[in-house]
Structure formats: structure tokens, C-alpha cells
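Any read-out appearing in this document is the output of simple, stated calculations on the displayed coordinates, not a laboratory observation. Bear in mind that the values here come from a model prediction, so they are computed numbers and not experimental data. Cβ placement follows ideal geometry from the backbone for every residue including glycine, while neighbour counts extend to all protein chains displayed.
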Amino acid sequence: MPKAPAQKAPVSKTAKAVARLTAKIATLTERKNKIATEIMGLKDQRAGLKTAPVAAAPAKAKTAPKAAAPAKKANPVAKK
């Protein structure tokens, strides 16, 4: 009889260890998948931002000097 519990103990310890490791692996895999999804989303966002400023930059460049010039003229008038 003493041999049977001795044999079961290592098996159950091993099974518990395997279960624990399996749970940790599942948790890490889930975390890895979430991070990979987030990275893909950020890459898509970055690609979208790379294409958008090219079209918007010339329009902003044209409007910015016009907007800046009246602001400079208005400030000296306000100071007088």
C-alpha cells in the first residue's frame, strides 16, 4: 500500500505542474495575441498618417502664411 501513494504523488505533482505551465502558456499566448493585434492596428494607423499629411501638407502650407500675415499686422496696430 505505501507504494501506491508514492507513485501517485509524482504523477499528480507532474500533472499539476503541467496544468500550471499550460495555464501560464495560455495566458502568455493571449497577451501576445493582444499585443500583436495592437501592433497591427498601430501599423495601419501609421500607414494612414503617412499618406494623409502628404495631401494635407500643401494645403496647410498655403493657408498658414496667409493666416500668419494678418495676425502680424493686427498685433502692431493693437500695440499703437
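Things worth noting here:
- Net charge contributed by nearby residues that have their C-beta within less than 13 Å of Asp44 (K/R +1, D/E -1): +2
- Karplus 3J(HN,Hα) series, Hz, for region 23-29 with 6.51 cos²θ - 1.76 cosθ + 1.60 (x for Gly, Pro): 5, 5, 4, 4, 5, 5, 5
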